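Engineer: This is the structure I have questions about; it appears just below.
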Amino acid sequence: MSHQILPEHIRASLAQYPEHQECTCLSCGYSGLMGVYKEEDKISWTKSIAIFSVIIGLLALYDFMQEMKGQSKLPWWVIPLVGLGIGAYTSRKRIYLACPNCNAVLKMK
């Protein structure tokens, strides 16, 4: 396996960032390490509270309707499980990378 030595301007650009990820720049064609320019939450804290409230409200309404029909209630662990699922989903980050060759900013999923 041969190791390629990166040009000085790319090494200098990468040195600005404490974190790096592999990616290919569609602007200039560079493929390799890129600096993590910025990370941000995919969903804001207020949106995640709203999503949690709506889902819990719907579960409570469903449980109430089932109770009125005389059927069994939802198990006690459903609400904490839904809360953990929403928390895991909303804690994901959107990552922006900086190409060390052309300085383009790339948004990762």
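Engineer: Only one of these is under 24 Å from Arg94 (Cα atoms), free of Cβ contacts under 8 Å to residues at least 40 places away in the same chain and among the small types (Gly, Ala, Ser): Ser31, Ser27. Name it.
Structural biologist: Sole residue among the options that is under 24 Å from Arg94 (Cα atoms), free of Cβ contacts under 8 Å to residues at least 40 places away in the same chain and among the small types (Gly, Ala, Ser): Ser31.
Engineer: Restricting to the stretch 45-82, give me the number of residues that are more than 24 Å from Lys93 (Cβ to Cβ) and among the basic types (Lys, Arg).
Structural biologist: Adding up the residues that qualify gives 2.
Engineer: Tell me which of these His9 doesn't satisfy, since it passes every other one: (1) part of a helix (DSSP H, G or I); (2) surrounded by 12 or more Cβ atoms within 10 Å (Cβ to Cβ).
Structural biologist: (2)
Engineer: Oh, and also: For the stretch 63-105, which residues satisfy the criterion of being among the aromatic types (Phe, Trp, Tyr) and at pLDDT 85 or above?
Structural biologist: Tyr96
Engineer: Is there any pair linking a residue in the stretch 61-81 that is within 22 Å of Ile49 (Cα to Cα) to one that is surrounded by 10 or more Cβ atoms within 10 Å (Cβ to Cβ) and β-branched (Val, Ile, Thr), with Cβ under 8 Å and at least six apart or on different chains, and which?
Structural biologist: That search, which allows pairs on different chains as well, returns Ile79/Ile56.
The rows are residues; the columns are (1) in a strand (DSSP E or B); (2) in contact with a Lys or Arg (Cβ under 8 Å, 6 or more places away or on another chain); (3) surrounded by 16 or more Cβ atoms within 10 Å (Cβ to Cβ).
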position: Glu22; (1), (2), (3): yes, no, no
position: Lys38; (1), (2), (3): yes, no, no
position: Ile49; (1), (2), (3): no, no, no
position: Ser53; (1), (2), (3): no, no, no
position: Gly70; (1), (2), (3): no, no, no
position: Pro75; (1), (2), (3): no, no, no
position: Arg94; (1), (2), (3): yes, yes, no
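The values are calculated or read from the model by the stated rules, or taken from the named source; none is laboratory data. Computed from a predicted structure; not experimentally measured. Virtual Cβ from ideal backbone geometry, glycine too; neighbours counted across all protein chains shown.
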